[in-house]
1. Take Ala52 and decide whether it is part of a helix (DSSP H, G or I) and modelled with pLDDT under 90.
2. Among the residues in the stretch 48-63, are any farther than 21 Å from His14 by Cα, more than 10 Å from the chain's Cα centre (by Cα), crowded, with 17+ Cβ neighbours inside 10 Å and of a type in the set (Phe, Trp, Tyr)?
3. Tell me, which residue of the stretch 22-47 that is among the charged types (D, E, K, R) and buried (at least 16 other Cβ atoms within 10 Å of the Cβ) is nearest to the chain's Cα centre (by Cα)?
4. Across the stretch 17-37, which residue is modelled with the highest pLDDT among those that are closer than 25 Å to Arg77 by Cβ and touching a Cys at 6+ places or on another chain (Cβ under 8 Å)?
5. May I ask you to list the residues in the stretch 86-106 that are part of a helix (DSSP H, G or I) and not hydrophobic (A, V, I, L, M, F, W, C)?
Amino acid sequence: MAFAVNHQELCPMHMAVENNECGIVMELLSNETQNSCFQRDREGRNPVHYMAMRGYEDMLFAVLRTCPESAKILTDRGENILHVCLKYSHEEMMMKLITEFDFVRKLIQQRDYDGKSVFELADSSLGPEVVSAVYVFSKPILNS
């Protein structure tokens, strides 16, 4: 299904996230419009990236439970939702995503187009307790 977009290539779900309208986001998901989770803006960000950018944890978790595949979409810079959480200083939300969702945990070692994994970004910019936690969760992935 195609969605009308504005001049920034934002679909209705992007705009609902922009306005922190969780009810509208959930309505869009329930009306067989889950494809809107995959709609990208002109920088390649989908609505899940917007939720990660703004720290809308409850909204993000609800959408990921309904549309888990949206977590795998990368921005035009090759960033996944964990990269975006770090970039916008939502470390606590990133840790909750890693602990809550196995499919998100698998994104820890994914590299952006600059060659940086989430683990490497955390190591270079966060405190030792966050880096330790990310390492603990990435260890099974590193050993596989």
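1. So Ala52 fails the test.
2. no
3. Arg45
4. It comes out as Cys37.
5. Step one: of the stretch 86-106, the residues part of a helix (DSSP H, G or I) are 86-87, 91-100, 102-105.
Those that are part of a helix (DSSP H, G or I) and not hydrophobic (A, V, I, L, M, F, W, C): Lys87, Glu91, Glu92, Lys96, Thr99, Glu100, Asp102, Arg105.
The values are calculated or read from the model by the stated rules, or taken from the named source; none is laboratory data. On a predicted model such as this, the values are computed, not experimentally measured, just so you know. Cβ sites come from the backbone with ideal geometry, for glycine too, and all protein chains shown count toward neighbours.
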